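Below: the structure, in structure tokens.
Derivation of every value follows stated rules applied to the coordinates shown; laboratory data play no part. Everything numeric here is computed off the predicted structure, so don't read it as measured data. Every residue, glycine among them, receives a Cβ derived from its backbone with ideal geometry; neighbour counts consider all protein chains shown.
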Amino acid sequence: MKLFVAMLAVSGLASGLAGCAELGMITDGGSASIGKPSKGSLVDGVRVPDSGEGFTTREIWRARGNRYGTAELVDLIVGTGRRMARTPGQRIVVADLSSQRGGDVRKWHKAHQSGRDVDLVYFMRDATGASMEADAMRVFDRDGVAKDSSGITIDMPRTWELMRALLTGDEATVQWIFMYQPFADRLIEYGASIGESEELLARAKLVMKQPGDSARHDDHIHVRIYCSPRDLLYGCVDIGPMEPMAERIASRERGESLPRMVASMLSDLTVDAIEDALHPTTKVLASSPMLAGSSSPNVSSLLDDGKNVSTMGDEDEAEVSRLDV
């Protein structure tokens, strides 16, 4: 009987919880990202502090009120700030996340609707070459020089430190870092020049992209994280490359998190019982075909038709672009 209940949990939990989320019936106090970044909402969003170790914001973004994200996104911002603070340099300037309940913020963004997006300001140097804390977003040319004749330039070494801090954090898995492609290329070249690992450089190349038909991101960096395992149960939708998340699948993080999550909701069932009942779902999630680039329809359907960015067609590219700021 318990296993039958567990099977019902697997088959109906995601749709049921998504419905509860839409009705505002989540009561465990945890945040939930619902839907897509460009058509979604946020339940029990967490407010990012205005300042903390290694990060701050500016009044323009405080006034907008788009200071909310999932717990995982806010944890990533705070954790990244701490990692950046370990070396001398300026703080991260955090711009918009999502509104308190998510939803349409098209006055400023196309996406930022489901609590998984955050804008960060490029690190800068003044006209003398000295490091400075960014006071605003500035538009830069392809050489990283501000177009406002201020003589301000992008601080590429410090900005690369930010990329490393984001990509190596365990608070959340970064799916995209949208930026102007000439900057992405220069940053990766810099990383290679200082001996960064091939693994980190490969991941940076995968996620640091200029969107196809949206803003060039020559004035800010746009970071997006994957849906957490918990958010997937509430109807969170990932679109785009799944390779970075596949690293976590390989370590069975998803395969273990789902049964533990279900067990916590059905407290009289053990994790082992749920894991058995979830078979073969957890086995598929924990298996290796994704890592080998397999296009297995079972894996693809479970992971929202995740595609390798190198094989994405025009329709896929357009969809990803529409999700941008």
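Expected output is a single nm value to one decimal: the length gained when fully extending between Ala85 and Asp135, i.e. 0.36 nm times separation in residues minus the C-alpha distance. What is it?
Going from the current span to full extension adds 16.1 nm.
Each of Arg101 and Asp148 was given a label point 7 Å from its Cα along the Cα-to-Cβ line. The distance between the two points is 3.5 nm.
Listed values for segment 46-56 are Karplus-derived 3J(HN,Hα) couplings in whole Hz (6.51 cos²θ - 1.76 cosθ + 1.60, θ = phi - 60°), namely 9, 7, 6, x, 5, 7, x, 5, x, 8, 7, and x replaces Gly and Pro.
Per residue, the average separation of C-alpha pairs within less than 8 Å and at least 6 apart gives segment 146-202 a relative contact order of 37 percent. Is the shape of segment 59-99 rounded, prolate or oblate, going by the alpha carbon gyration tensor and its root eigenvalues a ≥ b ≥ c, with a/c under 1.5 for rounded and a/b larger than b/c for prolate? Oblate shape, in that a/c is at least 1.5 and b/c is the bigger or equal ratio. In this structure, Arg216 and Arg64 have a Cβ-Cβ separation that, at R0 = 22 Å, corresponds to a calculated FRET efficiency of about 0.55.
Taking square-rooted eigenvalues a ≥ b ≥ c of the alpha carbon gyration tensor, is segment 65-204 rounded, prolate or oblate, where a/c under 1.5 means rounded and, failing that, a/b exceeding b/c means prolate?
In terms of gyration-tensor shape, oblate.
Order by neighbour count: Val207, Val139, fewest other Cβ atoms within 10 Å first, most last.
The order, fewest Cβ neighbours first, is Val139, Val207.
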